[in-house]
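Sharing a structure here in structure tokens format.
The values are calculated or read from the model by the stated rules, or taken from the named source; none is laboratory data. Treat the numbers as computed from the prediction; the structure is a model and nothing was measured. So basically every Cβ, Gly included, is an ideal-geometry build from the backbone, and we count neighbours across all protein chains shown.
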Amino acid sequence: MPFWLESVRIASPLMKKKFKIFRRTLLLVLVLIGIKAIIHNIGWDILEPTSLHTGILAGSVFVLGFILSTTHADYKESEKMPVTLTTAIESMYQDGLLFKQQYKKFPFDTYRQTLHDILELFRKDILDHKQRSLEKVQELSAFFMEMEKLGIPANYIVKLKQERNAIMQIIFRMHYLLRIQPLPSAFILVQALASLIVIMLLFTQVGGFAESAMVVGFFSFIYIYMLQLIRVMDIPFGASGSTQDDISLFLIKEEQSRLTKKSSSK
């Protein structure tokens, strides 16, 4: 296969995800322009643009920006979760490797497999909205008890417990973000405002049909796109990378691969 065809084949799924919201928004905008054409032809666009229109548009944009900023804060927090989780798992693995070298009875293979399973279950929990990874994290307590019996210094055990607690906090936070929607009443307000504004523009005459259609298309595109973007950011971990805005879990996948390779090389 030629190089350029292979590049197109690889890039095609990425482009589909990248422009998914854009394509969906564009389709809805074209439908609205078609409705505008029908309203214009039957003479129902009887509203004249006034300063009130400007005030309504400006106010709705302010509310939309407020909701977007609130959702964006949770989205940025979710972006840190894979990094924090991977760092904690790798740190615990390195400590376990050190214990294995100094304490021959330490069950390192079972310990490493538990860390691997935590990563695997965390990814599955995102898709299933469950907390099976939390149960696996709680199994680490048995290793801490074994470490105490082997005489491992208490400061190492305390460090591992702190990292375990950090992992549990990530799991709880992830589960919480998947279950709730920030300011749901405000989002309903934005949806209502966007719908009313689009309806208002459909019945507003701005010069000829071309000018009116352009105004409807421009503002409806902004509102529809932003509403979909807020919805995507409400669910930062997509079901299967449904859009490019879904938070990537490649760090977790890479850490799983490293743990598997490290196991097979021993």
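Looking only at region 170-218, which residues are hydrophobic (A, V, I, L, M, F, W, C), touching a His at 6+ places or on another chain (Cβ under 8 Å) and at pLDDT below 85?
Across region 170-218, the qualifying residues are LEU178, PHE209.
Continuing with the same structure: From GLU77, GLU48, GLU90, grab the single residue that is more than 30 Å from ILE222 (Cβ to Cβ), out of contact with any Phe, Trp or Tyr (no Cβ under 9 Å at 6 or more places or on another chain) and not hydroxyl-bearing (Ser, Thr, Tyr).
Values: GLU77 fails: more than 30 Å from ILE222 (Cβ to Cβ); GLU48 fails: more than 30 Å from ILE222 (Cβ to Cβ).
It is GLU90.
Among the residues in region 75-85, are any surrounded by 14 or more Cβ atoms within 10 Å (Cβ to Cβ), within 22 Å of the chain's Cα centre (by Cα), of a type outside the set (Phe, Trp, Tyr) and closer than 30 Å to GLY207 by Cα?
no
Given the conditions (1) free of Cβ contacts under 8 Å to residues at least 40 places away in the same chain; (2) touching an Asp or Glu at 6+ places or on another chain (Cβ under 8 Å); (3) among the acidic types (Asp, Glu), report the number of the one that GLU90 does not fulfil.
GLU90 satisfies all of (1) free of Cβ contacts under 8 Å to residues at least 40 places away in the same chain; (2) touching an Asp or Glu at 6+ places or on another chain (Cβ under 8 Å); (3) among the acidic types (Asp, Glu) except (1).
Of everything in region 86-114, what is small (Gly, Ala, Ser), crowded, with 19+ Cβ neighbours inside 10 Å and either closer than 20 Å to ASP125 by Cβ or under 26 Å from the mean Cα position of the chain (by Cα) (or both)? Give them in sequence order. Walk me through it before giving the result.
Restricting attention to region 86-114, the residues satisfying the condition of being small (Gly, Ala, Ser) are 88, 91, 96.
Still in the running and crowded, with 19+ Cβ neighbours inside 10 Å: 88, 96.
Of everything in region 86-114, just one residue is small (Gly, Ala, Ser), crowded, with 19+ Cβ neighbours inside 10 Å and either closer than 20 Å to ASP125 by Cβ or under 26 Å from the mean Cα position of the chain (by Cα) (or both), namely ALA88.
Scan region 121-145 for residues that are of a type outside the set (Lys, Arg), crowded, with 17+ Cβ neighbours inside 10 Å and at pLDDT 90 or above and jot them down.
Selection gives LEU121, PHE122, SER133, LEU134, VAL137, LEU140, PHE143.
Please tell me if TYR75 is at pLDDT 90 or above, farther than 30 Å from GLY208 by Cβ and assigned to a helix (DSSP H, G or I). Outline the logic, then answer.
Details: at pLDDT 90 or above: no; farther than 30 Å from GLY208 by Cβ: yes; assigned to a helix (DSSP H, G or I): yes.
No: the conditions fail for TYR75.
Another question about this same structure. Applying the selection to region 43-58, what residues are of a type outside the set (Val, Ile, Thr), touching a residue at least 60 places away in the same chain (Cβ under 8 Å) and closer than 18 Å to ALA194 by Cβ? First the steps, then the outcome.
So the first thing to find is which residues in region 43-58 are of a type outside the set (Val, Ile, Thr), and the list is 43-45, 47-49, 51-53, 55, 57-58.
Okay, now just the ones that are also touching a residue at least 60 places away in the same chain (Cβ under 8 Å), so 44-45, 47-49, 53, 57.
Matches in region 43-58: LEU47, HIS53, LEU57.
Does GLY96 fit the bill of being closer than 30 Å to ILE157 by Cβ and either basic (Lys, Arg) or at pLDDT 80 or above (or both)? Even if it seems obvious, please write down each step before you answer.
Values: closer than 30 Å to ILE157 by Cβ: yes; either basic (Lys, Arg) or at pLDDT 80 or above (or both): yes.
Criteria met by GLY96.
Separate question: Only one residue in GLY34, GLY43 is at pLDDT 80 or above and outside any helix (DSSP H, G or I). Which one? Please lay out each step first, then the result.
Numbers: GLY34 fails: outside any helix (DSSP H, G or I).
Unique residue meeting the criteria: GLY43.
Taking the residues in region 199-228 that are of a type in the set (Val, Ile, Thr) and more than 28 Å from the chain's Cα centre (by Cα) as candidates, determine which candidate is surrounded by the fewest Cβ atoms within 10 Å (Cβ to Cβ).
Initially, region 199-228 is screened for residues of a type in the set (Val, Ile, Thr), giving 199, 204, 206, 215-216, 222, 224.
Filter again for more than 28 Å from the chain's Cα centre (by Cα), leaving 199, 204, 206, 215-216.
Working: ILE199: 12, THR204: 19, VAL206: 18, VAL215: 17, VAL216: 24.
Out of the qualifying residues, it is ILE199.
State yes or no: is ILE188 under 28 Å from the mean Cα position of the chain (by Cα), surrounded by fewer than 16 Cβ atoms within 10 Å (Cβ to Cβ), of a type in the set (Val, Ile, Thr) and in a helix (DSSP H, G or I)? Don't jump to the end; show me each part of the working.
Values: under 28 Å from the mean Cα position of the chain (by Cα): yes; surrounded by fewer than 16 Cβ atoms within 10 Å (Cβ to Cβ): yes; of a type in the set (Val, Ile, Thr): yes; in a helix (DSSP H, G or I): yes.
Criteria met by ILE188.
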